[in-house]
Amino acid sequence: MKNSQLADLLQRTELFTPEQVQELLPAVAEAGAGFTDTIVEKTGVREEIFLEALAVAMTLPFMRLAKAEIAPGLLARVPPKAVFQYNIMPVSEEGGALCIATANPLQPGLIDAMRLVTGGRIRLALSPSSDIASAAKRLYGVGAETLDRMMQDDDRINLDEEGLFKQDLSELDQEASVVKFVNQIIWEAHQNRATDIHIEPMEVDLRIRYRIDGVLIQTPVPATLKRFQSSIISRIKVMANMDIAEKRLPQDGRISLRIQGEEIDVRVSTMPTVYGESVSLRLLLRGSGMIGMDQLGLNAEDGKILKKMITRPHGILLCTGPTGSGKSTSLYAWLHTINSVDIRIMSAEDPIEYEMAGVNQVQMKPEIGLTFAHALRTFLRQDPDVIMVGEIRDRETAEIAIRAALTGHLVFSTLHTNDSAASISRLLDMGIEPFLVASAVEGIVAQRLVRRLCPNCRRPVEVNDVRRTLLEKEGFPVEVLHLHPIYEPVGCDECRGSGFKGRTGIYEILTVDDHIRPLIINRAASSEIKREAMRHGLHTLREDGWLKVLDGITTIEEILRVTEEDEEESAL
């Protein structure tokens, strides 16, 4: 397109002055396929606003594709490779002409290329590039273009169950290889802030799910993925230095990756199932565990109590909760807060999730006898000030941790219990004497993770009489609803349609003081200990959750999801 035509087109959008158009022309003329990107970058105008105005100027339709449903027959007409290469999406067909959505209508050769692959007439529509990219992943599946190319190579490689293990992956074209597909899966998970990837063989398909903000979400994948199951799993095992020939036994491994300058550690675990090996990948972003106490989500009162606990000269501070409740992150935050050159910190971990400068971290290796108990005994001869034990799993570890606390060391560790008071019962059940527990344990922090509402799209909830009654039954402080609106999720581009973005913690902090110690010595039930603590100011997990609901951070449903069972049990 000539400069004069470009200038006229930009002028007709009515978004720019004649002077701005003249300034833009040199860059736009050179942009070619990046016409829209250049305009957005140079002017700061939002892409959807520019495309909507451009659609009017070019008399083309403008559409949003976030939730568009497109007939499978239309999708089949355009190869996945073309969709992802040109960032386009077939959307409709009228009068024998296929309508293609694009964010860059001036791409050289776009219409000719589409005519060639579809064998018919082409009409253009405009849509934001993010809409097209998300629709392509949703409708074609992650890595569809890679699998499309691999299908073309079907004649060249042996795709039977055993042959895939014998095939040298380096013989495949890089663009069409399993290597690229695995990289795409990990990259997609990283982009979506996923903590885990699960690759699960089913009878007729291969399911891939991401855990995002604590919730499993199935990601769309091409229907042909099942036939590449063995090669995908083999590739992951090669990356993790596993034995690709061993399919009968579980295996563990580790992968180190660099994605856009960020170092990512991936823990890999395989497990044989009826339809093949199931693979779980845990994504650990190096350094992301180094957060401060102010980022944990503690309210002001709990924050003061916890900071006082972690700066004591000795004693045990326990963090408790189910798997995935953020215990390790909390322990790292405590260490990060007190870490300094005049404090010697040693940690026994299995595994080491984040590397922390200034802390002597030891990876447990039970196969050679390096257990938590063994490491703890050695730590006591290493002159530490603070000791972190990844988890107290047995009586031996508990006894050594208590001995360390009673001989002048500060010990941080975790337990798997439902609430703070239940941790005391757990230690007693392990066989620890009550007077030792009462003397050594200074505090117990129970926690859960809840999803944060997306601040961009959350909306207030109308609380009618029926809902108010239900909230009262759950213990919600309905008397303050007139002062604090509560919100519900909606879904937008910022949160990828989920209505939530990120997570925060809710906490229950039990201080073992003179009110609690006599109960421990008398082996009181955990429910009695908790009631006594509540009489002296303990805020339960649910009560802390209600405060976060009233602050507009999360939803009532999130609090009920993570606390309901525990509250019922503690009331028994």
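The values are calculated or read from the model by the stated rules, or taken from the named source; none is laboratory data. Model, not experiment: these values are computed from the prediction. Here Cβ is always computed from backbone atoms with ideal geometry, including for glycine, and neighbour counts include all displayed protein chains. For the accessible areas, the whole protein counts, side chains as well, though only heavy atoms, and no ligand, DNA or RNA atoms are used. Shrake-Rupley method; radii C 1.70, N 1.55, O 1.52, S 1.80 Å.
For the chain, what % of the accessible area comes from carbon and sulfur atoms, probe 1.4 Å?
Summing carbon and sulfur atoms, their accessible area is 50 percent of the total for the chain.
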* Run the numbers on segment 429-572 and let me know its relative contact order in percent, using alpha-carbon pairs under 8 Å that are six or more apart. => 34
* Structure fact -> Between ARG448 and residues 5 or more places away or on another chain, the pairs with built amide H atoms under 5 Å apart involve ILE506
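Counting pairs of Cα atoms in segment 333-382, how many percent are more than 16 Å apart? Intermediate results must be reported in sequence, preceding the final value.
Details: 514 of 1225 pairs.
That tail contains 42 percent of the Cα-Cα pairs.
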* With every protein chain in place, what's the accessible area of ILE122 (1.4 Å probe, Å², nearest 10)? -> 20
* No other cysteine beta carbon under 4.7 Å away is the test; run it over the chain and list who passes. => CYS99, CYS319
* Asked: Hey, if you put +1 on the Cβ of every Lys and Arg and -1 on every Asp and Glu Cβ in the chain, which of MET271, ILE559, ILE232 ends up farthest toward the positive end of that dipole?
  -> ILE232
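Over the chain, what relative contact order in percent results from Cα pairs under 8 Å that are six or more residues apart? Let's see the in-between values first.
Numbers: 962 pairs, mean separation 48.0, N = 572.
The value is 8 percent.
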* For LYS473 paired with ASN360, estimate the spin-label separation in nm (one decimal), with each label point 7 Å from Cα along the Cα-to-Cβ line. => 5.7
* Asked: Spin-label point model (7 Å from Cα, Cβ direction): what's the ILE291 to VAL117 distance in nm?
  -> 4.1
* **the chain: angle of helix 3-12 to the longest principal axis, Cα-based, in degrees nearest 10** => 60
* Asked: Cα centroids of segment 292-326 and segment 365-413: how far apart, whole angstrom?
  -> 20
* Structure fact -> Plugging the Cβ-Cβ distance of ASP383 and ILE49 into 1/(1 + (r/R0)^6) at R0 = 60 Å yields, to the nearest 0.05, a FRET efficiency of 0.40
* Roughly how many Å is it from the Cα centre of segment 519-567 to that of segment 433-458, as a whole number? -> 10
* **Prolate/oblate/rounded label for segment 464-515 (Cα gyration tensor, a/c 1.5)** => oblate
* May I ask which residue of ILE486, GLY497, LEU538 lies farthest towards the positive end of the charge dipole of segment 474-561, with charges of +1 (Lys, Arg) and -1 (Asp, Glu) on Cβ and the Cα centre as origin? => LEU538
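Between VAL490 and GLU528, what is 0.36 nm times their sequence separation minus the Cα-Cα distance? Round to one decimal in nm. Display every interim value, and only then the final one.
Values: separation 38, 0.36 × 38 = 13.68 nm, distance 4.13 nm.
Length gained, VAL490 through GLU528: 9.6 nm.
Is there a pair in LYS308/LYS530; LYS237/LYS365; LYS2/LYS137; LYS67/LYS180 whose C-alpha atoms are over 23 Å apart, and which pairs would that be?
Values: LYS308/LYS530 21 Å; LYS237/LYS365 21 Å; LYS2/LYS137 35 Å; LYS67/LYS180 28 Å.
Long pairs (Cα-Cα over 23 Å): LYS2/LYS137; LYS67/LYS180.
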* Structure fact -> Note, segment 483-495: 3J(HN,Hα) by Karplus (6.51, -1.76, 1.60, θ = phi - 60°), whole Hz, Gly/Pro = x, goes 9, 10, x, 9, 10, 10, x, 10, x, 8, 5, 4, 9
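On alpha-carbon atoms, Rg over Rh for segment 291-393 using Kirkwood Rh? Before the final figure, lay out each step's value.
Working: Rg = 13.8 Å, Rh = 14.5 Å.
When Rh is taken as the Kirkwood radius, the ratio is 0.95.
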* To do: Under 1.5 on a/c is rounded, so check that first for segment 359-498, then, if it is not, pick prolate when a/b is larger than b/c and oblate when it is not; a ≥ b ≥ c are the square roots of the alpha carbon gyration tensor eigenvalues.
  => prolate
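With a 1.4 Å probe and all protein chains left in place, how much accessible area per residue does segment 229-331 have, in Å²?
Working: 4810 Å² over 103 residues.
That works out to 47 Å² per residue.
What does the accessible area per residue of segment 1-66 come to in Å², with a 1.4 Å probe and no ligands, DNA or RNA counted? Display every interim value, and only then the final one.
Details: 3820 Å² over 66 residues.
Roughly 58 Å² per residue, with all protein chains present.
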* If you bin the C-alpha pair distances of the chain every 20 Å from 0, what whole percents do you get? -> 17, 40, 32, 10, 0
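Leaving ligands, DNA and RNA out of it, rank ARG254, ARG561, ARG235 by accessible area with a 1.4 Å probe, largest first.
Values: ARG254 90, ARG561 120, ARG235 50 Å².
Solvent-accessible surface, decreasing: ARG561, ARG254, ARG235.
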* **Unit charges on C-beta of K, R, D, E only; dipole of the chain, Debye** => 180
* Asked: Can you list the lysines whose alpha carbon sits under 19 Å from that of LYS307, skipping same-chain ones fewer than 8 residues off?
  -> LYS327
* Structure fact -> Sorted by chain and number, the residues with a modelled amide H under 5 Å from that of LEU126, at a separation of 5 or more or across chains, are PHE62, MET63, THR102
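Rounded to the nearest 0.05, what FRET efficiency do ARG344 and GLU301 have when you use their Cβ-Cβ distance and R0 = 30 Å? Walk me through the intermediate numbers first.
On the way: r = 31 Å, r/R0 = 1.03.
Given R0 = 30 Å and the Cβ-Cβ separation, E is 0.45.
When the Cα atoms of segment 79-118 are enclosed in a convex hull and the volume is divided per residue, what value in Å³ results? Please list the in-between numbers first.
Values: hull volume 2.8 nm³, N = 40.
Dividing the Cα hull volume of segment 79-118 by its residues yields 70 Å³.
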* Structure fact -> Going residue by residue through segment 546-555, the Karplus relation 6.51 cos²θ - 1.76 cosθ + 1.60 with θ = phi - 60° gives ³J(HN,Hα) values, rounded to whole Hz and with x marking Gly or Pro, of 4, 4, 6, 5, 5, 7, x, 7, 9, 10
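With the contact rule set at Cα under 8 Å and sequence spacing of 6 or more, what percent relative contact order holds for segment 256-311?
Working: 46 pairs, mean separation 13.3, N = 56.
Result for segment 256-311 is 24 percent.
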* In degrees, nearest 10, range 0 to 90: what is the angle between the Cα axis of helix 229-239 and the longest Cα principal axis of the chain? -> 60
* Asked: How far is helix 47-58 tilted, in degrees, relative to the longest principal axis of the Cα atoms in the chain, given as a value from 0 to 90 rounded to the nearest 10?
  -> 10
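Note down the net charge around ILE305, summing +1 for each Lys or Arg and -1 for each Asp or Glu among other residues with Cβ under 15 Å from its Cβ.
-4
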* How much FRET efficiency would the formula 1/(1 + (r/R0)^6) give for ARG459 and GLU557, where r is the Cβ-Cβ distance and R0 is 22 Å, rounded to 0.05? -> 0.95
* Asked: What distance in nm separates the simple spin-label points at GLU203 and ARG312, each placed 7 Å from Cα in the Cβ direction?
  -> 5.7
* Farthest toward the dipole's positive end in the chain, which of PHE379, GLY443, MET89, given Cβ charges of +1 (Lys, Arg) and -1 (Asp, Glu) about the Cα centre? -> PHE379
* To do: Could you tell me which of rounded, prolate or oblate describes segment 2-54, using a ≥ b ≥ c as the square roots of the eigenvalues of the alpha-carbon gyration tensor, with rounded for a/c under 1.5 and, failing that, prolate when a/b is larger than b/c and oblate otherwise?
  => rounded
